[in-house]
Amino acid sequence: MTKAKKWKYEFIFILPSDLEKQEQALLLKQAGEVIAKAGGEVIKQVDWGLKPFSYSIKDQLGGRYFIWEVYFAKTPILKEINLFFNRENKILRYLWKGEKNG
């Protein structure tokens with residue numbers, strides 16, 4: 001019997017520290033919807049809070065860090081997801097860290 005493969009990713013991203021709570025909530029919702037549309041499921045969301053930067057990023061001296069645990073049932077096409085994150089100027093930086101689970 002073959003075991004279904006899942007792809008587990010950590011998605012780390014930074015939002016501006018001066019972003020209003022409503023804007024932040026909307027952006028987090030949109031990010032979750034984009035991931036779900038691509039076949040992913042956000043399992044865990046952690047707000048790491050405000051952290052200072054070592055250098056300025058998009059004229060910001062600090063940001064709010066988030067880390068999400070995301071699972072995909074099939075090989076994800078991150079290019080489609082990244083399109084949203086590249087276009088959204090309120091996301092200062094993001095990183096996908098993945099591992100294939102057997």
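Each value in this text was obtained by applying a stated rule to the coordinates, not by laboratory testing. In this text the structure is predicted, and so the values were computed from the model without any measurement. Here Cβ is always computed from backbone atoms with ideal geometry, including for glycine, and neighbour counts include all displayed protein chains.
Residues whose amide H lies under 5 Å from that of R93, counting only those 5 or more places away or on a different chain, are I14; hydrogens are built 1.01 Å from N in the peptide plane.
Charge dipole of segment 1-78 (Cα centre as origin; +1 on each Lys and Arg Cβ, -1 on each Asp and Glu Cβ, all else neutral): 520 debye, rounded to the nearest 20.
If the chain linking K74 and Q30 were pulled fully straight, counting 0.36 nm for each residue of separation and taking away their Cα-Cα distance, it would gain 13.7 nm.
By the rule of a C-alpha distance below 15 Å, with chain neighbours fewer than 8 residues away ignored, the aspartates and glutamates paired with K21 are D47. Of K8/K58; K37/K97; K51/K74; K37/K58; K6/K29; K8/K29, which ones are farther than 26 Å apart at the Cα? Checking Cα-Cα distances, K8/K58; K51/K74; K37/K58 exceed 26 Å. Look at the alpha carbon pairs under 8 Å that are at least 6 residues apart: their mean separation over the length of the chain gives a relative contact order of 49 percent.
Across segment 35-44, coupling constants 3J(HN,Hα) worked out from phi with the 6.51/-1.76/1.60 Karplus curve, θ = phi - 60°, read 5, 5, 4, 8, x, x, 9, 7, 8, 9 Hz, and Gly and Pro carry x.
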